[in-house]
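Heads up: the structure comes next, in C-alpha cells.
The values are calculated or read from the model by the stated rules, or taken from the named source; none is laboratory data. A quick note: this is a predicted structure, and the numbers were derived from the prediction, not measured. As a convention, Cβ positions derive from the backbone with ideal geometry for all residues, glycine included, and neighbour counts pool all protein chains shown.
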Amino acid sequence: MKPRSLMFTLYGEYVQYYGGEIWVGSLIQFMKRFGVSESSVRGAILRMVQKDLMQVRKIGNKSYYSFTPQGNRQIDEGVKRVYSGRRSEWDGKWRILTYSFPEALRELRNEVRKELTWTGFGAISNSTWISPNPVEDQVLELMERYQVEEYITLFSSSEVLSHDNESIVNKGWDLQQISTEYERFIQKYDKKFDELSEKAFQNTLTDEECFIERTKIVHEYRKFLFQDPSFPNELLPDYWTGTAARELFWNIHQLISIPAVRFFESLYESAPDLKVEPERNKAVNPFDKIQV
C-alpha cells in the first residue's frame, strides 16, 4: 500500500469520526500493520503538508495531524462514493462537458481530467466528456475551484440523435473490463469471507486482524472509485458484477467492523485539548452515515 493512499483510507474509515486529528505516533503504529515504515509515514506526511492536504498542530513535543479543507473534501467524497447505494433510476439526461485549454495550461487540463474521471465522467472524444449522473453541482464547484469557467462548458441533454445509449456508453467506458476487475475482487474476497466467518464462529478472530482486514478491503474497494462510473441500472449490461461485489464488501465490512474499531481505539491518541465526542457508531457502520 502506498503511504499517502493508506492515510486517506485510515482517516476516512476511522480518524474522521474521532475529531479528525491523530498523534503521529498512533498513525505510525497503524501504518506499521501494513508494512509502512516510520520514515515512509513521515515522508508522506511532509509531502501532503506541502500540497496543502494535511496540517499539523504542535503540543509540547508531540505532533498531531489532520486534513485541510481540501484534503477533507477528497475524504468526504470518497466515503460517500464507497458507502452510498447505486442510483437505481436514470433521469434520462446526459451531462456533456467540453473544454478547450491553451497549451500553456496543460498541467491544469490534466488535473481537470483526473477530477472528471473521479466524478464518473467518460471521454467520448479528446475534449468531450459525458455522464448520465446528476453531477452538475460537482462540476460547477470544480470549475470555480480551479477558476476555469472560461475554458469549460457544461450542457445537459435528454437526447443524443446520432447514437443510442449503449453506443455512447461503449465510447466512454470499458464496462467489460471494470466488470472483470469486480469478478477478481469477488473471487479473492469470497474465500476471505468464508475464512473470517469461520474464525468468528470459533471465536478466534482478533481485533487486530479485523482492523487489518477491514482496512485492506476498504482500501482495495476504493480503487473502483476511479473505474466504476456508478451508472444507474438502466445503463448497466447483463454481465455486470459490480452489484455482487458490493454486497460481498458490505457483508465482510459488517462482520468485522466492531472489533476493528475496538482495535483502532486501543492505539488511537488524540490531542489533549481535543474536546470532540467520538462518533463510534458511524465508525462502526459508515453505511448509516450516507443517505441513499
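So that you can scan it fast, the table gives a plain yes or no per residue for (1) modelled with pLDDT under 90; (2) part of a helix (DSSP H, G or I):
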residue	(1), (2)
Phe193	no, yes
Glu208	no, yes
Arg214	no, yes
Phe231	no, no
Asp238	no, no
Trp250	no, yes
Ser266	no, yes
Lys275	yes, no
### Message
When you scan the stretch 232-239, do you find a residue that is loosely packed, with under 15 Cβ neighbours inside 10 Å, touching a Leu at 6+ places or on another chain (Cβ under 7 Å) and either touching a residue at least 40 places away in the same chain (Cβ under 8 Å) or over 23 Å from Arg81 (Cβ atoms) (or both), even just one?
### Response
yes
### Query
Residues Val218, Val148, Val160: which one is in a helix (DSSP H, G or I) and surrounded by 13 or more Cβ atoms within 10 Å (Cβ to Cβ)?
Val218
### Query
Quick one: how many residues across the stretch 191-211 are surrounded by 14 or more Cβ atoms within 10 Å (Cβ to Cβ) and within 13 Å of Leu255 (Cα to Cα)?
11
#### Entry: Ile59 being surrounded by fewer than 13 Cβ atoms within 10 Å (Cβ to Cβ) and touching a residue at least 40 places away in the same chain (Cβ under 8 Å)
yes
## Note on the structure
Flagged in the stretch 92-112 as under 21 Å from Gln227 (Cβ atoms) and surrounded by fewer than 16 Cβ atoms within 10 Å (Cβ to Cβ), in numbering order, are Asn110, Glu111
#### Entry: Which numbered condition Glu89 misses (of (1) in contact with a Phe, Trp or Tyr (Cβ under 8 Å, 6 or more places away or on another chain); (2) loosely packed, with under 14 Cβ neighbours inside 10 Å)
(1)
### Query
Hey, which of the strands (runs of 3 or more DSSP E) in the stretch 1-112, taking only ones fully inside, have at least 3 residues that are of a type in the set (Ser, Thr, Tyr) and closer than 24 Å to Arg262 by Cα?
62-67
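One line per residue, one yes/no per condition, for (1) in contact with a strand residue (DSSP E or B) (Cβ under 6 Å, 6 or more places away or on another chain); (2) over 22 Å from Lys275 (Cα atoms); (3) modelled with pLDDT of 95 or more:
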| position | (1), (2), (3) |
| --- | --- |
| Leu10 | no, no, yes |
| Val24 | yes, no, yes |
| Gly43 | no, yes, yes |
| Lys51 | no, yes, no |
| Tyr65 | yes, no, yes |
| Asn72 | no, no, no |
| Glu77 | no, yes, no |
### Message
Just the residues that are surrounded by fewer than 21 Cβ atoms within 10 Å (Cβ to Cβ), of a type in the set (S, T, N, Q) and out of contact with any Asp or Glu (no Cβ under 6 Å at 6 or more places or on another chain), please, taken from the stretch 1-34.
### Response
Ser5, Gln29
### Summary
Residue pairs qualifying under the 8 Å Cβ cut-off, at least six apart or on distinct chains, with the first in the stretch 145-167 being in contact (Cβ under 8 Å) with a residue 60 or more places away in the chain and the second being part of a helix (DSSP H, G or I) and surrounded by 11 or more Cβ atoms within 10 Å (Cβ to Cβ), are Ser156/Glu136; Val160/Ile168; Asn165/Leu235
